[in-house]
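All remarks here apply to the structure that follows.
The values are calculated or read from the model by the stated rules, or taken from the named source; none is laboratory data. Predicted, not measured: the structure shown is a model, and the values here were computed from it. Glycine gets a Cβ as well: all are built from the backbone with ideal geometry, and neighbour counts include every protein chain shown. Note: accessible area is taken over every heavy atom of the protein model, side chains too, but ligands, DNA and RNA are not part of it. Shrake-Rupley method; radii C 1.70, N 1.55, O 1.52, S 1.80 Å.
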Amino acid sequence: MNFCLPIKHNAQQHRLRGLILGVFLSLFSLGTASAQSVITLYQQDFETPNNGWGDAQCTSFGDNAHLGGVSASYTGQGGVPFYQVNSADRLCITKVGSTDDIVDPAATGGNYAIGFHGSSATVNTIESIGFIFDPQGFKFLSGTFDASWIGLPTFSSTTYGFVQDTDYPVTLQFYEIPNGTPNTSVNIQVPTNLGGNAPVRIDATTLTPFASQVETLSNGYSEAQRFTLDWKEIDFTVDMTSMAADSRVMMVLTGLPQYRYLVVDNLNIVATLSPPTDYSIAPVPVNGPAYLLLLTLALAGFGTYMQRRR
């Protein structure tokens, strides 16, 4: 049976484990691929857009967003193509002098993140985003990212807002992309109903997702603070044993409610040989000297992180 397994732990554990996982993966890259039980496929904090772009391109929504700028800003980085339907945006979180400045109390989002909405009045305006990863024959895909609802700057709370502490859904869907499929042949379509999941096609053929996960999250800030990010960590593990060994996998974020705007950041994706019981501690072969280096680097990284949190 194909499945998608959510894995939960608190934000501080996630940060520490993420640092340790990064060190594991760095050490692990010194070995051969055949000896590895986990490989990193993608790490993206959206801080370095393509073309040298920065705040200057954020001229929409009160100078808070690079309208429709997701694919152009990030596709190709790490060998990963980005996809969007309609105008998914690159957000400028720390841009000074914007109308209705976005606030990030936890400083989780850095300078830039990506954002998209469930639609305005009609289905033609529904937005979704997608990524294609190469799992290199590994059988399980695991990942984590941060997400938050936010009020869309320059819009009222009755158009683009949210109800405080109310859960709204986002759907993660996963598709097999057969070997040899050109990136240009893959496309995300507009759903047929508001709040629906965006279908994926290869040329004119509509694909069926082999796994799906629905996450709900809320924003705890009031209507007056609706431009404040309230991050939630989303984790997943996907069974890819039904896929051909040389296929790629596409992840699509979709199914947002009408007039809801979602911000996503800090995307980390790995592939493993067996389903991990904890995303960050998938089995890794480590020898004695490497272990000492691992411990030193992990403690140093965590110390730096805690300094930044103070």
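Within the set of pairs 6 or more residues apart or between chains, which connect a residue that is modelled with pLDDT under 95 inside the range 192-209 to a residue that is surrounded by fewer than 11 Cβ atoms within 10 Å (Cβ to Cβ) and part of a loop (DSSP other than H, G, I, E, B) with Cβ atoms less than 9 Å apart?
These pairs meet every condition: Leu194/Thr122.
Yes or no: the range 80-95 includes at least one residue that is modelled with pLDDT under 95, open to solvent by 30 Å² or more (accessible area, probe 1.4 Å) and on the phi > 0 side of the Ramachandran plot.
Checking the range 80-95: at least one residue is modelled with pLDDT under 95, open to solvent by 30 Å² or more (accessible area, probe 1.4 Å) and on the phi > 0 side of the Ramachandran plot.
Scanning for something touching a helix residue (DSSP H, G or I) at 6+ places or on another chain (Cβ under 9 Å) and small (Gly, Ala, Ser), does the range 153-172 turn up at least one residue? Walk me through it before giving the result.
Kept after step one, since they are touching a helix residue (DSSP H, G or I) at 6+ places or on another chain (Cβ under 9 Å), are these residues of the range 153-172: 157, 161-164.
Those left that are additionally small (Gly, Ala, Ser): 157, 161.
Yes, there is a match, as at least one residue in the range 153-172 is touching a helix residue (DSSP H, G or I) at 6+ places or on another chain (Cβ under 9 Å) and small (Gly, Ala, Ser).
Which ones in the range 185-214 are β-branched (Val, Ile, Thr), assigned to a loop (DSSP other than H, G, I, E, B) and under 17 Å from Leu172 (Cβ atoms)? Don't jump to the end; show me each part of the working.
Here is the first cut: in the range 185-214, the ones β-branched (Val, Ile, Thr) are 186, 188, 190, 192, 200, 202, 205-206, 208, 214.
Now drop any that are not assigned to a loop (DSSP other than H, G, I, E, B), which leaves 190, 192, 208.
Scanning the range 185-214 gives a single hit, Thr208.
With Thr158, Thr171, Thr166, Thr154 as the choices, which residue is outside any strand (DSSP E or B) and modelled with pLDDT of 95 or more? Quick ask: steps written out before the conclusion?
Details: Thr158 fails: modelled with pLDDT of 95 or more; Thr171 fails: outside any strand (DSSP E or B); Thr154 fails: modelled with pLDDT of 95 or more.
Exactly one residue qualifies, and that residue is Thr166.
Could you give me the residue pairs with C-beta distances under 6 Å whose first residue belongs to the range 94-123 and is farther than 13 Å from Leu262 by Cβ, whose second residue is open to solvent by 30 Å² or more (accessible area, probe 1.4 Å) and outside any loop (DSSP other than H, G, I, E, B) wherever it lies, and which are 6+ apart or on separate chains?
Lys95/Asp55
Is it the case, given these coordinates, that Pro182 is at pLDDT 95 or above and open to solvent by 30 Å² or more (accessible area, probe 1.4 Å)?
yes
Yes or no: the range 62-77 includes at least one residue that is in contact (Cβ under 8 Å) with a residue 60 or more places away in the chain and part of a loop (DSSP other than H, G, I, E, B).
Scanning the range 62-77 turns up at least one residue that is in contact (Cβ under 8 Å) with a residue 60 or more places away in the chain and part of a loop (DSSP other than H, G, I, E, B).
Test each condition in (1) crowded, with 22+ Cβ neighbours inside 10 Å; (2) charged (D, E, K, R); (3) touching a strand residue (DSSP E or B) at 6+ places or on another chain (Cβ under 6 Å) for Arg201 and report the one that comes out false.
The one condition Arg201 does not meet is (1).
So which of Thr122, Thr99 ends up being open to solvent by 30 Å² or more (accessible area, probe 1.4 Å) and more than 16 Å from Phe61 (Cβ to Cβ)?
Values: Thr99 fails: more than 16 Å from Phe61 (Cβ to Cβ).
Going through Thr122, Thr99 in turn, the sole match is Thr122.
Looking at the range 168-176, can you tell me whether even one residue there is surrounded by fewer than 21 Cβ atoms within 10 Å (Cβ to Cβ) and under 15 Å from Arg248 (Cβ atoms)?
At the first step, the residues of the range 168-176 found to be surrounded by fewer than 21 Cβ atoms within 10 Å (Cβ to Cβ) are 168-169, 171, 176.
Retained after the next criterion (residues that are under 15 Å from Arg248 (Cβ atoms)): 176.
Looking for residues that are surrounded by fewer than 21 Cβ atoms within 10 Å (Cβ to Cβ) and under 15 Å from Arg248 (Cβ atoms), one finds at least one in the range 168-176, hence yes.
Has the range 134-154 got any residue that is over 30 Å from Tyr42 (Cα atoms) and of a type in the set (S, T, N, Q)?
So far as the range 134-154 goes, yes, one or more of its residues are over 30 Å from Tyr42 (Cα atoms) and of a type in the set (S, T, N, Q).
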